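A.B. asks: What follows is a single structure, and I will ask about it in a moment.
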Amino acid sequence: MKARLHDLTLARDGKYLLTIATRENVGTLYDELHEVDVDVTVKKHREKRSLDANAYSWVLLDKLAEATGTPKSEVYRREVRDVGGNTETVCVREKAVQKLCDGWNKNGIGWQTEVLDSKIEGCKNVVLYYGSSTFDTKQMSRLIDNIVQDCKELGIETLTPQQLDALKEEWGR
């Protein structure tokens, strides 16, 4: 849910009380969980990308695939790798590398792995690429910009810069 950190107080018992403010109705959540320990994650809010932007990216990927004779899934996977900011690198024992890669790849077409040597004996570094379903507005914007650039290099017609800007603006709403 989208919320704001509202207040931080040090209680007499030494516990920190963090108050959040939200417009969401959290009454049921509170009723269900107020007497038990919960896991909490707080991160900076980012607007989700629009489905229209996602659909447009797949239209362009299809055109790139047709123009290059490359399967659309491979064009998409290459574009995902070129976005940047969508990876984690983990050090894994060699015997566990294949299982990790197989499991990660099952998340979707863009969820990829790259295995690199490690300085630690018996281990490999595995780069885990997140697919575009996890992209925030900035990452999705870079993905579309990269796809549009590749299309232009091949003479494939795309939306005008103004239309692309309007499409990107939808993400903030």
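The values are calculated or read from the model by the stated rules, or taken from the named source; none is laboratory data. Remember, predicted model here, so these are calculated numbers, not experimental data. FYI the Cβ positions are ideal-geometry reconstructions off the backbone, even for glycines, and counts take in every protein chain you see. Heavy atoms of the whole protein, side chains included, go into the accessibility calculation; ligands, DNA and RNA do not. Shrake-Rupley method; radii C 1.70, N 1.55, O 1.52, S 1.80 Å.
A.B. asks: Just a yes or no: is a residue in region 122-135 farther than 29 Å from residue 94 by Cα and touching a Ser or Thr at 6+ places or on another chain (Cβ under 6 Å)?
C.D. replies: no
A.B. asks: Kindly indicate whether residue 156 is open to solvent by less than 70 Å² (accessible area, probe 1.4 Å), on the phi < 0 side of the Ramachandran plot, part of a loop (DSSP other than H, G, I, E, B) and among the aliphatic types (A, V, I, L, M).
C.D. replies: Working: open to solvent by less than 70 Å² (accessible area, probe 1.4 Å): yes; on the phi < 0 side of the Ramachandran plot: yes; part of a loop (DSSP other than H, G, I, E, B): yes; among the aliphatic types (A, V, I, L, M): yes.
Taking the combined requirement at face value, the residue satisfies it.
A.B. asks: Test residue 165 against the criterion of being open to solvent by 30 Å² or more (accessible area, probe 1.4 Å) and either modelled with pLDDT of 80 or more or polar (S, T, N, Q) (or both), and give yes or no.
C.D. replies: Values: open to solvent by 30 Å² or more (accessible area, probe 1.4 Å): yes; either modelled with pLDDT of 80 or more or polar (S, T, N, Q) (or both): no.
In short, no.
A.B. asks: Also, I was wondering about something else. Being farther than 30 Å from residue 164 by Cβ, touching a strand residue (DSSP E or B) at 6+ places or on another chain (Cβ under 6 Å), open to solvent by less than 90 Å² (accessible area, probe 1.4 Å) and at pLDDT 90 or above is the requirement here; does residue 22 meet it? Please lay out each step first, then the result.
C.D. replies: On the way: farther than 30 Å from residue 164 by Cβ: yes; touching a strand residue (DSSP E or B) at 6+ places or on another chain (Cβ under 6 Å): no; open to solvent by less than 90 Å² (accessible area, probe 1.4 Å): yes; at pLDDT 90 or above: yes.
When the stated conditions are applied, residue 22 does not pass them.
A.B. asks: So which of 40, 59, 97 ends up being modelled with pLDDT under 95, of a type in the set (A, V, I, L, M) and closer than 23 Å to residue 111 by Cβ?
C.D. replies: On the way: 40 fails: closer than 23 Å to residue 111 by Cβ; 97 fails: modelled with pLDDT under 95.
When all the criteria are applied, what remains is 59.
A.B. asks: Quick one: in region 131-153, of everything that is more than 15 Å from residue 81 (Cβ to Cβ) and of a type in the set (Ser, Thr, Tyr), which residue is surrounded by the fewest Cβ atoms within 10 Å (Cβ to Cβ)?
C.D. replies: In this case the residue turns out to be 133.
A.B. asks: Six or more apart or on different chains, Cβ atoms under 8 Å: show the pairs whose first residue is in region 146-170 and aliphatic (A, V, I, L, M) and whose second is loosely packed, with under 14 Cβ neighbours inside 10 Å and at pLDDT below 90.
C.D. replies: Filtered contacts from region 146-170: 167/52.
A.B. asks: Quick test of your reading of the structure: residue 128 fulfils all but one of (1) crowded, with 16+ Cβ neighbours inside 10 Å; (2) within 18 Å of the chain's Cα centre (by Cα); (3) assigned to a helix (DSSP H, G or I). Name the failing condition by number.
C.D. replies: Exception for residue 128: condition (3).
A.B. asks: Tell me, which residue of region 69-104 that is open to solvent by less than 90 Å² (accessible area, probe 1.4 Å) and in contact with a Cys (Cβ under 7 Å, 6 or more places away or on another chain) is nearest to residue 144 (Cα to Cα)?
C.D. replies: Among those residues, the one meeting the criterion is 91.
A.B. asks: Being in contact with an Asp or Glu (Cβ under 6 Å, 6 or more places away or on another chain) and surrounded by 10 or more Cβ atoms within 10 Å (Cβ to Cβ) is the requirement here; does residue 4 meet it? Show your work before the answer.
C.D. replies: Details: in contact with an Asp or Glu (Cβ under 6 Å, 6 or more places away or on another chain): no; surrounded by 10 or more Cβ atoms within 10 Å (Cβ to Cβ): yes.
No, not satisfied.
A.B. asks: State whether the residues of region 122-137 include one that is without any contact (Cβ under 8 Å) to a residue 60 or more places away in the chain and acidic (Asp, Glu).
C.D. replies: Within region 122-137, the subset without any contact (Cβ under 8 Å) to a residue 60 or more places away in the chain is 122-131, 133-134.
Filter once more, so that each one left must be acidic (Asp, Glu): none.
No, because not a single residue in region 122-137 is without any contact (Cβ under 8 Å) to a residue 60 or more places away in the chain and acidic (Asp, Glu).
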